[in-house]
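These notes are about the structure you will find just below.
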Amino acid sequence: MPERYFLDTEFIENSQTLSLISLGLVCSDGREFYAEVDDFQIPWDQAGDWVLANVRANLRAGDKWRKEDLAGGLRDFVAGGGGSSPEFWGYYADYDWVLLCRLFGRMLDLPKGWPHVCLDLKQWAKKLGDPPLPAQGGTEHCAVDDARWDMEVWQFLDQMERGKS
């Protein structure tokens, strides 16, 4: 069985660029990875009010990483799970996955054994009738808290699906 990794990112965007601010990854074995990027491309003064109020306000002053070093940190974190084929999950995960993959360059540059897809919890929930999901216990829009919630949602949906079988 592959190790599951639950992913969330926070970012600033404009019409041309997505700029990673923070990334949270929680492994099904209980390990966690949280990083804040200290060299993102879009300055805070170009961020919208929502990003300032909901993302910047919830940063944890965690480990600061340069984007160029973050890929190695993620590679090491995932390798620490011992699984040869990790599985990644996120909630509305399209941008999260793009931002993670960009850290390695092209998608073809992802570490050996990594999938080229992130599975989406919202799509799974819709398949199961779009049930109300568990309330989030942590700080919403803090990447690592959102990643923890993603794991709770996965467990909830897995239990729901098994109950229907």
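Below 8 Å between Cα atoms, with a sequence gap of 6+, how large is the relative contact order for the chain in percent? With pairs under 8 Å counted, the relative contact order is 29 percent.
The C-alpha atoms of the chain define a longest principal axis, and helix 67-79 lies at about 20 degrees to it.
Restricting the trypsin sites (Lys or Arg not before Pro) of the stretch 72-165 to loop positions (DSSP other than H, G, I, E, B) with no more than 12 neighbouring Cβ atoms within 10 Å leaves R106, K112.
With both residues required to sit in the chain, DSSP beta bridges show an antiparallel share near 65%. Rounded to the nearest 20 debye, the dipole size of the chain about its Cα centre is 440 debye, using +1 on the Cβ of Lys and Arg and -1 on the Cβ of Asp and Glu. Can you compute the FRET efficiency between A61 and D130 using 1/(1 + (r/R0)^6), with r the Cβ-Cβ distance and R0 = 30 Å? Round to the nearest 0.05. So the FRET efficiency works out to roughly 0.25. In loop segments of the stretch 69-165 as defined by DSSP, the GluC sites (Glu not before Pro) with at most 14 further C-beta atoms inside 10 Å of their C-beta are E140. Axis of helix 143-164 versus longest Cα principal axis of the chain: the two differ by about 20°, to the nearest ten degrees.
Any idea what the relative contact order of the stretch 1-57 is, in percent, if you count C-alpha pairs under 8 Å spaced at least 6 apart? Present the calculation step by step, with values, prior to reporting the outcome.
On the way: 73 pairs, mean separation 16.2, N = 57.
RCO, the stretch 1-57: 28 percent.
Only the coordinates and a few stated rules stand behind these numbers; no lab work does. What you see is a predicted model; the values in this text were computed from it and never measured. Note that each Cβ is placed from the backbone with ideal geometry, even for glycine, and that neighbours are counted across all protein chains shown.
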